[in-house]
Amino acid sequence: MANSYLKKLNTDNQQQDFKQALDTKFKAIDKQTDQLIHELKKRNEQAENEIQTYKQNLESKMRQNDQLIQKYNKTLNKMTHGLFALFYVVLVVALVAMVTGPIGHSLSIDTFLQTIHDQIVEGKSIWRYLAYFLYLIPFILLTCILLLCAKLINTLDDKF
């Protein structure tokens, strides 16, 4: 009976030892799993934080880029207006030089003005004072040419 009792105790002790060994092993596995899960959560949080920081930096750079593009567009617009204004001034100077210069002589503008002057000086009637308005004809023509050029420049400016 003592033998059977000892066998039973050995069997019970072996079962308890086996259970304890399994429990210890499973607890170690559970502990390692919990540590791994905790570490993964921590790394995921770090990755999410880094992604958020990257997104914020990217949005900041995009806003700065948009501001630079707006400044560039304003500068380009002002430069275009300046170039058209410079072209208009050169055009005015060229037209005035041409009208008062050799082309004005070829178109007989100087003889036209001399004829008006002679008519006013030598005329005896009251109508000679209306001849002063004839002095305005070359200026009206020049003004019309300049207005047409200004409209052309304005349409080109709107087109670009």
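Any read-out appearing in this document is the output of simple, stated calculations on the displayed coordinates, not a laboratory observation. None of these values were measured; they are calculated from a predicted model. Glycine gets a Cβ as well: all are built from the backbone with ideal geometry, and neighbour counts include every protein chain shown.
Miscellaneous remarks
- Mean separation of Cα contacts under 8 Å (6+ apart) over length of the stretch 5-160, as relative contact order %: 19 percent
- Per residue, the chain reaches -32500 deg cm²/dmol at 222 nm when only DSSP H runs of four or more residues are counted, each adding -39500 (n - 2.57).
- Between Leu130, Leu147, Leu86, the Gaussian network model of the chain with springs among Cα atoms under 10 angstrom shows the greatest mean-square fluctuation at Leu130.
- Residues Cys149, Cys144, arranged from fewest to most other Cβ atoms within 10 angstrom of their Cβ, appear as Cys144, Cys149.
- Shown for His117, His38: other C-beta atoms within 10 Å of each C-beta, ranked fewest to most, produce the order His38, His117.
- In this simple spin-label approximation, Asp110 and Gln52 carry label points 7 Å from Cα along the Cα→Cβ vector, and these lie 8.4 nm apart.
- Entry for percent of Cα pairs over 28 Å apart (calculated from the structure that is shown) out of [x] 17; [y] 69; [z] 77: [y]
- Candidate cross-link partners of Lys19 among the aspartates and glutamates, defined by an alpha-carbon separation under 18 Å and a same-chain spacing of 8 or more, comprise Asp30.
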